[in-house]
Amino acid sequence: MDEKITPDLERVLEAGNSAPSGENCQPWHFVVHGSTIEVHLLPERDQSPYGWGQRASYLANGAVIENIVIAASAEQYRAEVHYFPNPSDEWHVATIVLTKDSTIESDPLASYITKRISNRKPYKKDQLTGEERKTLANAAAHGGYGMFALAEAPEEVGRLGRVGSTNEEVMLANRSLHDFFFSHVSWTKEEDDEKKAGFYIKTLELPPPAKLMFKIFRNWPIMRVLGTIGFNRIVAKQNAATNASASAIGAFMIARTEPLDFVKIGRAVERLWLTATSLGLSLQPLTGVLFFKLRFDGGERDGFSSHEQKLVIDAYQEASRIFHADGKHIAFTFRIGRGDAPSAHAIRFPLAEAVTIQS
């Protein structure tokens, strides 16, 4: 970012750069000319086995767009979003035209963009209040991008907690998934500061004994032996209990699974997440099973045993029954509740590395 941009536009771009993404891979780049922002997906940033067809990255770019639109209102910009403006470039996700307008009111969520965080700690099992439930539902419906459902009955939350933990059961028994995950863990703050992507160990919220064991788990030969005695299922059971500590588990569903559908649902997810933050609620995505199922639907099952495929499909079908998906694809699930402040947060690549300015 050799050239200068105005301070208000810089704040808008910083907001976009604060969006969440799988493995904190930050698969986006901004091209700025005047007060127009192009949002481009960077496929090389996301080579995750969870990211079939870059759908997870399209979702992340949707969150980027929502942050930009919200932050623009705080700077009195009217934001006009044009999706996929270049038919020959699938990675040019959107062009956002900003126009100064003194009548624009700041979106109340703007001040929560930098406060939003994924919280993997156990939550308190308090019920959501009626007002919280209504506020979250309104946020989810804001753009009309998909169907939203919230499961709050303890029995359903428990079942969905087990669905979410299927990810760990499969990942810890599958060498390629295991190796990918542990290659993206930063074990020290210094390593995390250098990588600026992946999982910083503290964000995983492991208790001290588990943190020590986690370093052992990264050794595949050891993990393979532990798998013969079902250790992956033990870990999954513990994670299921953490998942079930939530007040509720929610889902966004879409009728189609094209890139634009994931971009739009990404916007809805981010608005809901910011709304949860404004209510003092914690949130953690639980999406592993969903993206494995999407991969299977796309005809890519290589690297998964028949047993692992069945685990994923059965878990996905369980979630579909609970959320009454009725043939819609479950694009995003999450747990929500009241939790203590997280121990650490993911860092971002500097804005200068995420922006190109064109005169």
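Things worth noting here:
- The single condition from (1) assigned by TED's automatic domain parsing to the domain that holds Lys264; (2) surrounded by 14 or more Cβ atoms within 10 Å (Cβ to Cβ) that Ser106 fails is (1).
- Phe291 vs. criteria within 15 Å of the chain's Cα centre (by Cα), touching a residue at least 24 places away in the same chain (Cβ under 8 Å) and more than 24 Å from Val185 (Cβ to Cβ): no
- The single condition among (1) closer than 18 Å to Arg78 by Cβ; (2) touching a strand residue (DSSP E or B) at 6+ places or on another chain (Cβ under 9 Å); (3) polar (S, T, N, Q) that Asn119 does not meet is (1).
- Taking helices (runs of 4 or more DSSP H) as the structural unit, those lying wholly within region 263-359 and holding at least 3 residues that are out of contact with any helix residue (DSSP H, G or I) (no Cβ under 8 Å at 6 or more places or on another chain) and not hydrophobic (A, V, I, L, M, F, W, C) correspond to 306-323.
- Of the residues Glu75, Glu10, Glu44, the single one that is out of contact with any strand residue (DSSP E or B) (no Cβ under 6 Å at 6 or more places or on another chain) and more than 20 Å from Arg348 (Cα to Cα) is Glu75.
- Taking first residues from region 179-197 that are touching a residue at least 40 places away in the same chain (Cβ under 8 Å) and partners that are among the small types (Gly, Ala, Ser), the Cβ contacts under 7 Å between residues at least 6 apart in sequence or on separate chains come to Phe180/Ser48; His184/Gly198; Asp192/Ser186.
- Residue in region 216-228 that is crowded, with 18+ Cβ neighbours inside 10 Å and under 21 Å from Pro285 (Cβ atoms) present: no
- Here Ala197 fits the description: part of a loop (DSSP other than H, G, I, E, B) and closer than 28 Å to Gly266 by Cα.
The values are calculated or read from the model by the stated rules, or taken from the named source; none is laboratory data. If you're wondering where the values come from, they're calculated on a predicted model, not measured in any experiment. Every residue, glycine among them, receives a Cβ derived from its backbone with ideal geometry; neighbour counts consider all protein chains shown.
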